[in-house]
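Peer 1: What follows is a structure written as structure tokens; I'll ask about it next.
The values are calculated or read from the model by the stated rules, or taken from the named source; none is laboratory data. Predicted model only: the values in this text are computed from it and were never measured. Cβ coordinates were reconstructed from backbone atoms using ideal geometry, including for glycine residues, and neighbour counts include every protein chain displayed.
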Amino acid sequence: MLDLAKYSSIGEAVRDALETWPGEVCLYESDRGEEKQRITYREFKERALPLAKWLQDSGFRAGDRASIIMTNQSKWLISAYAIFYCGGTLVPLDYKLKPQEQWTLLKHSGASVLITEYPIWRQLSISACRAQVPNVKTVLVTEVPANAELAGAQAWEFAKGADKPTFVPRKREDLACIVYSSGTGGTPKGCMMTHGNYLEQCVALTSIYPFWPGVKYLSILPTNHAIDFMVGFFGPFICGAAVVHLRTLRPEFVREAFPKYQITYVSLVPLVLKNLQKGLQARFDELPPGKRRIFEWLKGINKTLTKSRPILPLSRLLLKQVHAAFGGKLEAIIVGGAFTEPQTLQFFYDLGIPVANGYGLTEAGTAVTVNDLRPFRADTVGKPLPGMEVRILNPDADGIGQVSVRSKTVMPGYLNEPELTAQTIVDGWLMTGDMGRFDTTGHLQLFGRKKNMIVTEEGKNVYAEDVEQAFEGLPVKEYCVFAANYIWPSRSMLGEQLVLIIHLEPGKQFTEELRQEIAARNSRLINYKRIHGIVLYNDDFPLTASLKIIRVSLAEQLGKLNRKETIVPV
Amino acid sequence: MRSLEQTTQEILELATKHFKAAPGSLKAQDDFYKKLGIDSLQALELLSRLEDHFHIELPDYEVQGVSDFKTLAERIQARL
């Protein structure tokens with residue numbers, strides 16, 4: 001691993017990595033079980049530098065912003081490196097967002113360059129919102145079919161400068177990325193992440209989960225997500241390791257990839273982990289009684305012997321077939337993006353497959369705590385990573401209070417949002433809005449949120465305000481959306497739901513017609529953003545002088561109602 | 001060549017069988033996440049079944065954001 005203390009920027013560190021391991025494979029790309037390409041560190045450099053030169057020739061300068069909207073693939077990482085090489089700031093956006101949402105964030109970020117894939121560009125280019133985003137001047141599109149209409153864009157594959165580009169150094173405090181943690185409908189929350197934030201986070205994470213040449217990381221979470229950016233790009237690259245990309249992310253191809261590439265690490269969201277658990281459990285249940293008894297006996301031995309720490313060689317020997325299905329080289333499954341049920345974590349650990357669960361948020365530079373597995377504690381999210389100061393604010397009688405974090409990995413603030421930044425980072429401490437406590441052994445346990453948001457099992461952060469647009473023009477006097485747990489605090493991070501609060505016009509009744517209209521609008525939302533119930537409120541919403549809803553007061557009033565009796569199904 | 005109606009009908013039948021829904025209970029306009037109570041991974045499993053049935057390849061991006069059978073049928077029809 002490179003000594004990151006010597007470096008000032010992501011670009012500088014990756015540049016050295018490309019020189020350190022020229023012959024090692026850094027990227028594998030497979031589609032539907034067939035390997036399409038493998039790229040060495042030398043080849044990665046040979047593909048990235050002409051793009052960097054092309055960007056420089058087209059006027060892209062230090063501090064300029066370039067966005068990437070792509071699925072997980074080699075060109076994502078090559079483009080990101082080219083941007084960093086030029087001293088640019090990367091704006092990674094979620095390819096799963098709708099075109100109008102992507103244009104909203106492109107506008108907010110001030111990106112002058114957009115690098116995307118043809119199918120995504122096809123949707124973006126015909127969106128009416130494009131005209132409102134004049135800041136995006138250059139669009140590069142990958143994998144353009146022959147004779148396809150480019151609508152003002154240029155083909156990525158031909159964006160090659162002839163000479164050598166000039167490497168542009170950046171300082172640790174300079175902006176590396178603007179990462180949107182939310183804000184597609186309400187206030188865009190663009191986390192300004194510095195090069196220093198990433199360098200510090202990488203040192204902390206690799207101290208517990210190291211990479212080395214020969215490691216193969218399976219990249220499934222979108223690379224725009226803070227976790228995959230760190231463990232599916234920067235982390236492996238500065239250690240000479242390799243990343244495996246699958247162009248078709250279906251459960252059957254993911255399952256095949258483990259033995260085929262002998263995967264070392266993978267990051268998953270809880271939903272995928274639970275799906276794996278379901279599949280494995282079904283196979284165990286099908287075992288004939290005799291084999292099942294032997295399996296349970298071996299699992300019991302494994303459980304006893306790995307109580308204080310994982311012993312992978314032993315587990316692989318005892319539960320050979322289970323480990324063979326995962327390729328036999330799996331060191332750990334990193335699970336993040338949302339809260340994971342302890343029983344799911346325990347299921348895998350009992351099979352000798354360590355699950356590195358943790359707790360983090362984009363604003364803190366990805367991970368804050370990680371389970372170090374010594375011993376494995378399924379009921380906690382682990383201990384703070386090196387360099388992280390974590391404290392519990394205003395703890396109640398049970399020791400539960402708001403989790404706050406201070407570290408060199410914490411962002412300096414939200415882009416163009418000084419007020420929001422001042423509310424979120426107080427005296428250098430990041431107010432996470434999550435409730436937790438430390439147990440006697442220093443492990444963090446989480447107990448719900450203070451924030452008006454939910455996190456789904458797919459790892460999607462959904463802020464209630466972002467969903468409100470969908471109900472604009474509803475024939476009611478007032479409406480707003482809340483996370484149910486924000487109104488009725490719960491000490492659980494599971495099964496979080498959104499509810500729509502409506503205040504009817506005077507004299508009007510809640511009719512079936514209105515319910516149907518709400519249901520129709522709801523179904524047009526992407527599945528994880530949908531509301532799960534309606535709350536009828538009979539008073540005027542508390543408003544500020546500028547007629548904004550005072551959400552805290554309204555939530556307080558609503559909290560006096562009985563949750564179960566109040567929520568009407570959509 | 002199949003008509004869009006035929007394609008839709010075959011998708012509905014396949015989904016009914018795969019997710020063990022009551023025969024005739026699924027309609028073209030239905031939101032399959034809601035109607036079948038499935039998550040995004042289960043929806044991906046259905047796509048693989050549909051690819052086998054129609055002998056086509058449906059790239060992930062083609063079905064991004066699709067949640068009703070009718071739109072799904074249109075995307076498949078375009079590739080037949």
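Peer 1: I need every pair where a residue in the stretch B:38-49 that is more than 8 Å from every other protein chain (Cβ to nearest Cβ) has its Cβ under 9 Å from the Cβ of a residue that is among the hydroxyl-bearing types (Ser, Thr, Tyr) and outside any helix (DSSP H, G or I), sequence separation at least 6 or different chains.
Peer 2: B:Ala43/B:Ser67
Peer 1: If A:Tyr85 satisfies all but one of (1) surrounded by fewer than 18 Cβ atoms within 10 Å (Cβ to Cβ); (2) in contact with a Phe, Trp or Tyr (Cβ under 7 Å, 6 or more places away or on another chain), what's the number of the condition it fails?
Peer 2: (1)
Peer 1: Tally time: how many residues in the stretch A:527-570 are in a helix (DSSP H, G or I) and either at pLDDT 90 or above or surrounded by 10 or more Cβ atoms within 10 Å (Cβ to Cβ) (or both)? Give the steps one after another, and end with the answer.
Peer 2: Of all residues in the stretch A:527-570, those in a helix (DSSP H, G or I) come to A:527-529, A:551-558, A:563-566.
Then drop every residue that is not either at pLDDT 90 or above or surrounded by 10 or more Cβ atoms within 10 Å (Cβ to Cβ) (or both), which leaves A:527-529, A:551-558, A:563, A:566.
Residues that pass the stated criteria total 13.
Peer 1: Hey, could you check the stretch A:17-68 for residues that are closer than 25 Å to A:His225 by Cα and β-branched (Val, Ile, Thr) and say which is surrounded by the fewest Cβ atoms within 10 Å (Cβ to Cβ)?
Peer 2: A:Thr40
Peer 1: Regarding A:Pro165, is this residue more than 30 Å from A:Leu249 (Cα to Cα) and without any contact (Cβ under 8 Å) to a residue 12 or more places away in the chain? So that I can check it myself, show each step before the final result.
Peer 2: On the way: more than 30 Å from A:Leu249 (Cα to Cα): yes; without any contact (Cβ under 8 Å) to a residue 12 or more places away in the chain: no.
Answer is no for this residue.
Peer 1: Residues being away from chain B (no Cβ under 14 Å) and buried (at least 24 other Cβ atoms within 10 Å of the Cβ): count how many of those fall in the stretch A:266-280. I'd like the intermediate steps shown before the answer.
Peer 2: The first filter runs over the stretch A:266-280 and keeps only residues away from chain B (no Cβ under 14 Å), leaving A:266-267, A:280.
Cutting the leftovers down to buried (at least 24 other Cβ atoms within 10 Å of the Cβ) gives us A:266-267.
Of the residues in the stretch A:266-280, 2 are away from chain B (no Cβ under 14 Å) and buried (at least 24 other Cβ atoms within 10 Å of the Cβ).
Peer 1: Oh, and also: Output the number of the condition that A:Cys191 fails; it satisfies all remaining conditions of (1) under 29 Å from A:Met388 (Cβ atoms); (2) within 14 Å of chain B (Cβ to nearest Cβ); (3) surrounded by 22 or more Cβ atoms within 10 Å (Cβ to Cβ); (4) touching a helix residue (DSSP H, G or I) at 6+ places or on another chain (Cβ under 6 Å).
Peer 2: Failing condition for A:Cys191: (2).
Peer 1: Restricting to the stretch A:153-167, name every residue that is among the aliphatic types (A, V, I, L, M) and either outside any loop (DSSP other than H, G, I, E, B) or in contact with a Lys or Arg (Cβ under 8 Å, 6 or more places away or on another chain) (or both).
Peer 2: A:Ala155, A:Ala162 - these are the residues of the stretch A:153-167 that are among the aliphatic types (A, V, I, L, M) and either outside any loop (DSSP other than H, G, I, E, B) or in contact with a Lys or Arg (Cβ under 8 Å, 6 or more places away or on another chain) (or both).
Peer 1: Which is out of contact with any Lys or Arg (no Cβ under 9 Å at 6 or more places or on another chain), more than 29 Å from A:Arg309 (Cβ to Cβ) and at pLDDT 95 or above, of A:Leu393, A:Leu385? Lay out the reasoning, then the answer.
Peer 2: Values: A:Leu385 fails: more than 29 Å from A:Arg309 (Cβ to Cβ).
One residue alone meets the criteria, A:Leu393.
Peer 1: If you take the residues in the stretch A:361-393 that are of a type in the set (S, T, N, Q) and closer than 30 Å to A:Ser8 by Cα, which one is surrounded by the most Cβ atoms within 10 Å (Cβ to Cβ)?
Peer 2: Step one: of the stretch A:361-393, the residues of a type in the set (S, T, N, Q) are A:362, A:366, A:369, A:371, A:380.
When the remaining residues are screened for being closer than 30 Å to A:Ser8 by Cα, the result is A:362, A:366, A:369, A:371.
Numbers: A:Thr362: 21, A:Thr366: 29, A:Thr369: 26, A:Asn371: 26.
Filtering the stretch A:361-393 for residues that are of a type in the set (S, T, N, Q) and closer than 30 Å to A:Ser8 by Cα, the one surrounded by the most Cβ atoms within 10 Å (Cβ to Cβ) comes out as A:Thr366.
Peer 1: In the stretch A:398-492, which helices (runs of 4 or more DSSP H) lie fully inside it and hold 2 or more residues that are within 30 Å of A:Gly110 (Cα to Cα)?
Peer 2: Hits in the stretch A:398-492: A:418-424, A:464-467.
Peer 1: Now for a separate question. Restricting the search to the stretch A:302-321, which residues are over 17 Å from A:Arg377 (Cα atoms) and part of a loop (DSSP other than H, G, I, E, B)?
Peer 2: A:Leu319
Peer 1: Moving on to the next point. Among the residues that make up the stretch A:394-405, is at least one of them loosely packed, with under 15 Cβ neighbours inside 10 Å and on the phi > 0 side of the Ramachandran plot?
Peer 2: The initial filter retains those residues of the stretch A:394-405 that are loosely packed, with under 15 Cβ neighbours inside 10 Å, namely A:394, A:396-399.
Okay, now just the ones that are also on the phi > 0 side of the Ramachandran plot, so A:394, A:399.
Yes, the stretch A:394-405 has at least one match.
Peer 1: Please specify each residue of the stretch B:61-74 satisfying the condition of being touching a residue at least 12 places away in the same chain (Cβ under 8 Å) and either crowded, with 18+ Cβ neighbours inside 10 Å or within 11 Å of chain A (Cβ to nearest Cβ) (or both).
Peer 2: Within the stretch B:61-74, B:Glu62, B:Val63, B:Ser67, B:Asp68, B:Phe69, B:Leu72, B:Ala73 meet the criteria.
Peer 1: Something else now. Got at least one residue in the stretch A:501-510 being within 34 Å of the chain's Cα centre (by Cα), of a type outside the set (D, E, K, R) and away from chain B (no Cβ under 14 Å)? Before the answer, list the steps.
Peer 2: Our first condition is that a residue be within 34 Å of the chain's Cα centre (by Cα); within the stretch A:501-510, this holds for A:501-502.
Adding the requirement that they be of a type outside the set (D, E, K, R) leaves A:501-502.
Checking the rest, the ones that are also away from chain B (no Cβ under 14 Å) come to A:501-502.
Yes, the stretch A:501-510 has at least one match.
Peer 1: Given the condition within 14 Å of another protein chain (Cβ to nearest Cβ) and acidic (Asp, Glu), answer yes or no: does some residue in the stretch A:232-255 qualify? Write out each step before concluding.
Peer 2: In the first step, residues of the stretch A:232-255 are kept if they are within 14 Å of another protein chain (Cβ to nearest Cβ); the result is A:245-255.
Subsequent filtering for residues that are acidic (Asp, Glu) retains A:252.
Within the stretch A:232-255 (the criterion being within 14 Å of another protein chain (Cβ to nearest Cβ) and acidic (Asp, Glu)), the answer is yes, since at least one residue qualifies.
Peer 1: Does A:Val14 count as at pLDDT 95 or above and more than 17 Å from A:Val203 (Cβ to Cβ)?
Peer 2: Answer is no for this residue.
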